[in-house]
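One structure is given here, and the rest of the page talks about it.
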């Protein structure tokens with residue numbers, strides 16, 4: 001039986017414990033250090049952290065890195081239009097609405113029951129601040145109007161890996177056509193210590209966009225642990241004099257690789273294309289659920 005968590009005024013109390021969802025099981029845990037903060041797990045893996053008392057709080061380091069890139073890519077407090085592919089707990093959406101109150105967001109997730117629970121427990125805003133779309137992230141992206149978004153965040157996982165269809169050159173071109181001039185594409189790449197997937201993702205994104213950045217913990221980039229790598233891409237320059245300092249100053253310091261270094265890193269990676277998953281997927285999946293040290297955070 002699930003346990004009732006801390007009260008959330010005007011909403012049903014979040015229910016701790018496991019809950020069946022369309023894609024498996026969601027499990028909600030309360031943070032003992034914060035009375036109204038919760039960790040959402042999907043099929044046994046950490047997915048989202050939500051603090052009802054502070055919607056701007058980002059507990060997962062890779063989300064802090066994404067937020068820093070957005071902060072340095074747009075003027076402070078300017079509203080943006082963003083699509084979040086793989087919405088989960090909508091943590092990054094809550095943060096961006098807190099710091100950019102007039103922003104407009106689209107949350108996309110294939111799991112209708114998950115988004116129903118998240119909306120009921122955590123009081124997500126409605127239109128025009130947030131539109132929720134249930135469906136396949138690639139299909140939703142393909143249906144978006146050209147030049148309609150400032151930011152697209154890819155944080156989609158099927159288990160521990162991103163679906164192949166969301167990694168390819170063809171999908172990346174869909175993202176590019178959807179972004180406005182100066183728009184930013186942000187990817188959460190969860191990889192093992194061999195960094196084979198990260199190299200391929202860097203090569204693939206770099207083949208479509210004119211400017212790329214990469215950020216992660218230094219130990220991850222040295223191949224000493226598994227974890228999250230954030231790749232950012234745009235058709236406009238992304239570099240900011242203060243971005244590297246902001247990433248290093250975080251609770252988990254992150255290293256920033258600029259365009260030339262990212263392209264050198266990806267030079268040995270294969271371009272990922274529709275219809276060519278086969279051997280790659282089997283190799284990429286091998287050992288991911290429990291192999292290697294380090295924590296991988298999946299979903300927003």
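The values are calculated or read from the model by the stated rules, or taken from the named source; none is laboratory data. Every value quoted in this text rests on a predicted model; they were computed, and no experiment measured them. Glycine also receives a Cβ, built like all others from the backbone with ideal geometry; neighbour counts cover every protein chain displayed.
Candidates are the residues of the stretch 76-89 that are at pLDDT below 95 and either within 13 Å of the chain's Cα centre (by Cα) or under 16 Å from residue 58 (Cβ atoms) (or both); the one that is surrounded by the most Cβ atoms within 10 Å (Cβ to Cβ) is 87. Residue 193 - would you say it is more than 16 Å from the chain's Cα centre (by Cα), crowded, with 17+ Cβ neighbours inside 10 Å and under 22 Å from residue 261 (Cβ atoms)? Here the answer is yes, as residue 193 does meet what is asked. Is it the case, given these coordinates, that residue 119 is touching a residue at least 60 places away in the same chain (Cβ under 8 Å) and surrounded by fewer than 18 Cβ atoms within 10 Å (Cβ to Cβ)? Against the criterion (touching a residue at least 60 places away in the same chain (Cβ under 8 Å) and surrounded by fewer than 18 Cβ atoms within 10 Å (Cβ to Cβ)), residue 119 does not qualify. Just to be sure I understand, how many residues within the stretch 196-220 are part of a loop (DSSP other than H, G, I, E, B) and crowded, with 19+ Cβ neighbours inside 10 Å? The qualifying residues number 2.
Restricting attention to the stretch 217-238, the residues that are free of Cβ contacts under 8 Å to residues at least 40 places away in the same chain and under 20 Å from the mean Cα position of the chain (by Cα) add up to 2. Limited to the stretch 91-108, what total is found for residues that are within 18 Å of residue 187 (Cβ to Cβ) and either at pLDDT below 95 or part of a loop (DSSP other than H, G, I, E, B) (or both)? Qualifying residue count for the region: 0.
Looking only at residues in the stretch 222-242 that are modelled with pLDDT under 95 and surrounded by 20 or more Cβ atoms within 10 Å (Cβ to Cβ), the one that is nearest to residue 69 (Cα to Cα) is 238.
When the stretch 54-90 is filtered for residues that are in a helix (DSSP H, G or I) and touching a strand residue (DSSP E or B) at 6+ places or on another chain (Cβ under 7 Å), the ones remaining, listed by number, are 62, 65, 66, 69, 70, 73.
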